[in-house]
Amino acid sequence: MEYVGSIYEGEYHNGRLEGSGVYTLQTGTRYEGEMKDGMYHGKGTLHFPLGNKYEGIWEKGIAVEGKYTFADGLKYKDKDWEYCDGYDRKFYTEICNGLKPAGRSQLTNLDSPREIPEGCYDCGDGFYNPQTRVIIDYKNTFLRNADDDEHEWIVRTCRKSWDEITGYKPKH
């Protein structure tokens, strides 16, 4: 664990992670629950750095049953999903708290949205700088380098720090 930056606090059996424990990855993701033979096994919860969590039953390191909850409390359902479908594009906070009055747009599920650094994009788990192709988290810690596919997706779909004219553009 010391080689990869992970931390484990909990029970051991024959030198292996076994019993109840807390395993924290270098990324800040934390597993709290039962372990067997060094793997997630039994009931446990993965807590993600942005506040999301996955509560589940694990067998030999693989989740076999569970539920995912977003940081704002929205619970994911793989059937009968009613949030942000083709007919209703409201954010979860708008469903819970109502819509803003006319003329006041809500751009993200956060109200007010994060301020994006100059020249960057908000890609959901951090900010992306297209010049360096580096993604940092919201606390300015390196997350990853974007490959060509991720770069194209971010530039095409994510919120950016600058305004652009959309729609009709007059020719000069």
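Computed quantities for the displayed model
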quantity: Long-range neighbours under 8 Å by Cβ, at least six apart or interchain, first residue among the polar types (S, T, N, Q) within segment 58-79, second assigned to a loop (DSSP other than H, G, I, E, B) and open to solvent by 60 Å² or more (accessible area, probe 1.4 Å); calculated: 69/76
quantity: Complete set of residues in segment 137-161 that are under 19 Å from residue 28 (Cα atoms) and outside any loop (DSSP other than H, G, I, E, B); calculated: 142, 143, 144, 145
quantity: Residue 92 closer than 27 Å to residue 139 by Cα and open to solvent by 80 Å² or more (accessible area, probe 1.4 Å); calculated: no
quantity: Selection count, segment 110-138, where residues are open to solvent by 40 Å² or more (accessible area, probe 1.4 Å), under 22 Å from residue 73 (Cα atoms) and not aliphatic (A, V, I, L, M); calculated: 7
quantity: Residue check for residue 20: hydroxyl-bearing (Ser, Thr, Tyr) and within 22 Å of residue 139 (Cβ to Cβ); calculated: no
quantity: The lone exception for residue 77 - which of (1) open to solvent by 50 Å² or more (accessible area, probe 1.4 Å); (2) assigned to a loop (DSSP other than H, G, I, E, B); (3) over 29 Å from residue 23 (Cβ atoms) it fails; calculated: (3)
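Each row is one residue, and each column tells you yes or no for (1) without any contact (Cβ under 8 Å) to a residue 40 or more places away in the chain; (2) charged (D, E, K, R); (3) assigned to a loop (DSSP other than H, G, I, E, B).
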| site | (1), (2), (3) |
| --- | --- |
| 87 | yes, no, yes |
| 95 | yes, no, no |
| 106 | yes, no, yes |
| 109 | yes, no, yes |
| 116 | no, no, yes |
| 119 | no, no, yes |
| 131 | yes, no, yes |
| 135 | yes, no, no |
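The values are calculated or read from the model by the stated rules, or taken from the named source; none is laboratory data. Computed from a prediction, not measured in an experiment: that's the story for all the values here. Quick reminder, even Gly has a Cβ in these numbers, built from the backbone with ideal geometry, and neighbours come from all protein chains shown. Heavy atoms of the whole protein, side chains included, go into the accessibility calculation; ligands, DNA and RNA do not. Shrake-Rupley method; radii C 1.70, N 1.55, O 1.52, S 1.80 Å.
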